[in-house]
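Working notes, structure below.
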Amino acid sequence: MQTTQNTPACPLDNPPKIEFPCDYPIKVMGPAAPDFKACILDVLVESETTFLHETIAVVDSKNGRYQSVRVTIQALSESHLSSLHQCLKDTGRVQLVL
């Protein structure tokens, strides 16, 4: 007699959905420059993305060649996140957005 075991689906098969709007931390990385943070914040302002000023943090890489800007934004939808990602990449200064 064969038995089948009910196993839950793999969590990767059904990733959790994000409920919008929500606070959403992002990390933007690119070559270090004195105005890199200002460039990132300008994109957020131009795209009318609300962000929490108290969450802004700039971290230099170990060798000082790169910087990351971390900030928590108010994400409105998947399309908002995609659009923001593209706007950041379009600066030509952003190498990675997490």
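The values are calculated or read from the model by the stated rules, or taken from the named source; none is laboratory data. Because the structure is a prediction, the values reported are computed rather than measured. FYI the Cβ positions are ideal-geometry reconstructions off the backbone, even for glycines, and counts take in every protein chain you see.
See the values below:
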quantity: Candidates Val69, Val28, Val59, filtered to the one that is over 13 Å from the mean Cα position of the chain (by Cα) and at pLDDT 95 or above; calculated: Val59
quantity: Tally of residues being free of Cβ contacts under 8 Å to residues at least 40 places away in the same chain, within 21 Å of Phe20 (Cα to Cα) and of a type outside the set (S, T, N, Q) across the stretch 81-98; calculated: 1
quantity: Leading residue by the ranking (nearest to Arg65 (Cα to Cα)) among those in the stretch 14-46 that are outside any strand (DSSP E or B) and basic (Lys, Arg); calculated: Lys37
